[in-house]
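Here, each number is a calculation from the coordinates, and none is a lab measurement. Worth saying up front: this structure is predicted, and the values here are computed from it rather than measured. Cβ sites come from the backbone with ideal geometry, for glycine too, and all protein chains shown count toward neighbours.
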Amino acid sequence: MANGILATFHRYFARKRDDQISQINRESVIKGVYQDVEVSAGYFLLLSLANLIALCGLIVNSAPVIIGAMLISPLMGPILSSGFAFITGNSTIWHSALKKISLSVAVTLVVAAIAAWLSPLQEATSEILARTRPNLYDLIIATLAGVAGAVAICTKKNYLTIVPGVAIATAVIPPLSVAGFGIGTGNLKFFLGGFFLFFTNFVAIIFATCAVLFYYGFSPASDSYLGGRSLRKRVIYLAAVIGIISIPLVYTLHTSLAQVRLQKVVQTSLKKEFDREGLSRLASFTQSEDREGKLQINAVISTTKYLTDNDIAHAEKNLGENLQRPIAFQLEQLKVQPGGLKDEAMKPGLVPVSIKPRQPTEIVQSTRTETMRLMNKEIAKINAVIAPATVTEYTFGINSRQQEFPLELRLQTDWPLNAGQIILLERMIGSDLGIGVRLRIRTDPFFPELLFSPGETELREEMKKSLLPAKSIFAAEPRLRVTITTYPETSGNRTENLRSSRERAKTIAGYLTETADIPPERITTVIDRTKTPNTPKVKVTLVPEQEVQP
């Protein structure tokens, strides 16, 4: 009986397939495939525009802009054509499609890399990060979208509505833009992640296209004039490629699921510790792992009564036991009012009290105090960003002609900030303070010039004292290099002056190695004879390693 049911189903399926195959305009499909593999300047112009639009959307973290780039991109056409060549064995279309796809990938990577390198904004946004860790679901989505696209090409039914959806679902251009962004910013992880996602989509679309075209009767057996080769061999190769790329995709999916499960366990444990009726409730939390595998948990709770340090330590211990791993726990408490405010009737006989207007001096002093309190917090944050450089002085004011608030920072550093760094600082400060900021930077060197007497080579006490900050600066950023530039005096014997200059540089280098723990190989000495002052002097500068001239 079971065999009879299967036979009936098979006959029905075969009859249904034959009916659908008879409705396919094969010549129209083949003509469209040939058109999609033609190389033209207009194609690459449209591809580059879609690439730049996608890159801008990725950098500014705008999903609608990225979707627009997906709809514009013409890269889907040659990929579907390569699937047609794969199933039919048409070597002409196969070579043309691969050539067009290879050129498209190369042009996209180069354009995106140059644009990313020129862009002042090079921070990784959530849209960029989302395309650097593909998983098994990306392979499934690309396969299903490829099926829809191939069906639309063969049947021409709902073509105008299906193709845009396929372009959005497969998303072949944003991963390449991310890969180019990785090249332009020198981030190998972004390049490999973005390119692997593109390759995953590429293989999945070819696989889906082959399956649909085979169903609609396109195969080497029925189209021998197309130059077909061994279909079985090609299918085995394609299945092997899918199997290989599925391994890291499954691993990434497993890692993501493990993170979700860990987040759920952390949330449950935190609620168990801090969700107490009438006392406290968990508001939010974040988690991350450091390089040693230690779990960092930062939680925020709303509470009617502040918890003591002992309560927090006890909660941290319980969290570690529940999670069965070492943790570092930080808690922020927001005190709230339980219930509502009680209504109190105004007592009779009370006379409204007039409030005395605040004096101008009081307003100015209060404003200055609050502004300095906010700015001191912001300066601490800026120092953490620009370390080892530090803000030594700042001026914050009001300009009657501009909406932005002028802010002048005086930095102690030996290298200036570039325009991109200044823009990022303006946006960070403006975002924290909720105002527009126009930033101006002035710089002072880490160390003052050391002035020597003629023939003097030893460091005086005030000179040693001025060089003492080198130890803390180098400890904060050990990748710095030290340049000691000596300027010999003009009067006297030239040979003796040069010898004294070398001795001064040697003395300073030895002092920095001994007191600041700076390795000798990170110290460079230079004798500058282009400027010959009357008084011999030495200039000590700290610069990042990549900025040292060979």
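Short-range pairs are left out: with C-alpha atoms under 8 Å and at least six residues apart, the relative contact order of the stretch 364-444 is 28 percent. For the stretch 25-229, the equivalent ellipsoid derived from the alpha-carbon gyration tensor has semi-axes of 31, 16, 15 Å in decreasing order. Between Glu408 and Trp117, the modelled labels are 3.7 nm apart [label points 7 Å from Cα along Cα→Cβ]. If you plug the beta carbon distance of Lys465 and Asn61 into 1/(1 + (r/R0)^6) with R0 = 45 Å, you get a FRET efficiency near 0.40.
Were the residues from Thr268 through Ile422 laid out at 0.36 nm apart, the gain over their Cα-Cα distance would be 51.2 nm. Counted by neighbouring Cβ atoms within 10 Å, the residues Ser466, Ser491, Ser500 run from fewest to most as Ser491, Ser466, Ser500.
Translational diffusion coefficient of the stretch 364-444 at 20 °C, 1.002 mPa s, Stokes-Einstein with Kirkwood Rh over Cα pairs, in µm²/s as a whole number. So the translational diffusion coefficient is about 164 µm²/s. In units of the rule-of-thumb radius 2.2 N^0.38 Å, the stretch 450-547 shows an alpha carbon radius of gyration of 1.07.
Please compute the net charge surrounding Val437, taking Lys and Arg as +1 and Asp and Glu as -1 over other residues with Cβ under 14 Å from its Cβ.
Counting the neighbours of Val437, the net charge comes to -1.
Using a 10 Å cut-off around each Cβ, can you sort Thr308, Thr530, Thr252 from fewest to most neighbouring Cβ atoms?
With the fewest neighbours first, Thr308, Thr530, Thr252 line up as Thr530, Thr308, Thr252.
Cα centroids of the stretch 80-131 and the stretch 470-527: 51 Å apart.
Pairs from the table (Lys264/Lys305; Lys381/Lys471; Lys100/Lys189; Lys381/Lys506; Lys381/Lys465) lying more than 30 angstrom apart at Cα are Lys381/Lys506. How would you classify the stretch 453-492 from its alpha-carbon gyration tensor, with a ≥ b ≥ c the square roots of the eigenvalues: rounded for a/c under 1.5, else prolate if a/b is greater than b/c, otherwise oblate? Judged from the Cα gyration tensor, the stretch 453-492 comes out oblate (a/c at least 1.5, b/c at or above a/b).
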